[in-house]
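Report on one structure; see the data block that follows.
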Amino acid sequence: MSGRWTVGVDFGGTNTKIGLVAPSGRLGPSRVIRSSALRGPRAFVDAVSSAVDDLARSVGARPARLRGLAVGAPGPVDAARGIVHTCVNVPGWREVPLQRLFERRLGCRCRVDNDANVVTLGEWRLGAGRGARHLVCLTLGTGVGGGIICDGRLLRGAAGSAGEIGHMVVQAGGPRCGCGRRGCLEALVGTTAILALGRRALRQGAPRLRHIMEGRGGGRLAPRWIGQAARAGDRRAQAVWAEIGRRLGLGLANVVNILSPERIILAGGIANNWSSFGPAMRRTLRAEAMCTPGRAVRVVRAALGDEAGILGAAVLVWETGRGET
Ligand SMILES: [Zn+2]
């Protein structure tokens, strides 16, 4: 049975996580490598492959007998050909045929996809999206990624780039986005936007936020301190999250109007502030979405946490076997 293990690789800007996943979806042995230690694609393939060799040996399997390996990469990917176009915040990656490099090195089937698509697949099959045929998943963090399951399969579109919900413009002429445009959802609810609102709250006087930031935060503002201040009753910190909730609700209303999903899953670190932004998000979503009688959408939190990237990559291998993606 050792040949049934699948390898999931979660390639992040800070850490790269590699794990073996059992057919049941259970995470087996895993390893974390600092991404900054991997200079360029070749070093990446070498280090990840060595880790896969070790992990496979630890369960008595040979790499060529693994069911497959998939990588979720932090940037645009040509999933059909297994090519990483670029990586956000990781230098030295341009048009890298990552799928071919891994297949040559490991001798098992390999796949590559955008990290948000991978998280979406993981939540759909193993997490908060189980049983749904129509769902949308958003990853909320420094970037805002998106993935769409439409009629029981991952929506890729003509160019393979569908699902970039974070780059839907929701405020014409709004703040500048990392993609170079203005007013994208990412520029309105991503970490940069939350910090901008947090700094404004501090200027207006937010005593609990300032206290938490200067104590636990060592003087550095971060979304988690704004979250803690809000939960501790800081009105201005609460207003930050209410504004984020309104913006997010508006974005989700557009998504609902176009796709009519039965479920929307919110993943990523920012989703931990659910209790603070949730009420304003739901209010705005209810007010702005055109109703679909008898088909109310449910917005839920992701269930897989930090394991979503590894587990989702394994799902990508399994779905390929079924010819679904
Ligand atoms: Zn953008």
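FYI, it's all coordinate maths here, none of it is from the lab. Treat the numbers as computed from the prediction; the structure is a model and nothing was measured. Cβ placement follows ideal geometry from the backbone for every residue including glycine, while neighbour counts extend to all protein chains displayed.
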Kyte-Doolittle at least 0.0, axis length at least 18 Å by Cα - qualifying DSSP helices, the chain:
40-58, 191-204, 235-259, 308-321
Sort segment 1-151 into rounded, prolate or oblate with this rule: let a ≥ b ≥ c be the square roots of the eigenvalues of the Cα gyration tensor; rounded if a/c is under 1.5, and if a/c is not under 1.5, prolate when a/b is larger than b/c, oblate otherwise.
oblate
Please give me, ordered by residue number, the trypsin sites (Lys or Arg not before Pro) of segment 118-162 that lie in loop per DSSP and have at most 15 other Cβ atoms within 10 Å.
Arg130, Arg133
Net charge of Cβ neighbours under 12 Å - reference Glu123; Lys, Arg +1; Asp, Glu -1:
+3
Give me Trp225, Trp124 ranked fewest to most by other Cβ atoms within 10 Å of their Cβ, as a rough exposure proxy.
Trp225, Trp124
Among Val71, Val170, Val119, residue whose mean-square fluctuation peaks in a GNM of the chain (springs only between Cα atoms under 10 Å):
Val170
Shape call, segment 206-325: gyration tensor on alpha carbons, a/c limit 1.5
oblate
Could you work out which residue, out of Ile18, Ile194, Ile258, moves most in a Gaussian network model of the chain, that is, has the largest mean-square fluctuation with Cα springs under 10 Å?
Ile258
Comparing Ile270, Ile310, Ile33, which has the greatest mean-square fluctuation in the GNM of the chain with Cα pairs linked when under 10 Å apart?
Ile33
Which loop trypsin sites (Lys or Arg not before Pro) in segment 30-111, with loop taken from DSSP, have no more than 14 other Cβ atoms within 10 angstrom of their Cβ?
Arg39, Arg81
Could you put Trp5, Trp93 in order, starting from the residue whose Cβ has the fewest other Cβ atoms within 10 Å?
Trp93, Trp5
If a/c stays under 1.5 just call it rounded; otherwise compare a/b with b/c (prolate if a/b is bigger, oblate if not). Do that for the chain, with a ≥ b ≥ c from the square roots of the Cα gyration tensor eigenvalues.
prolate
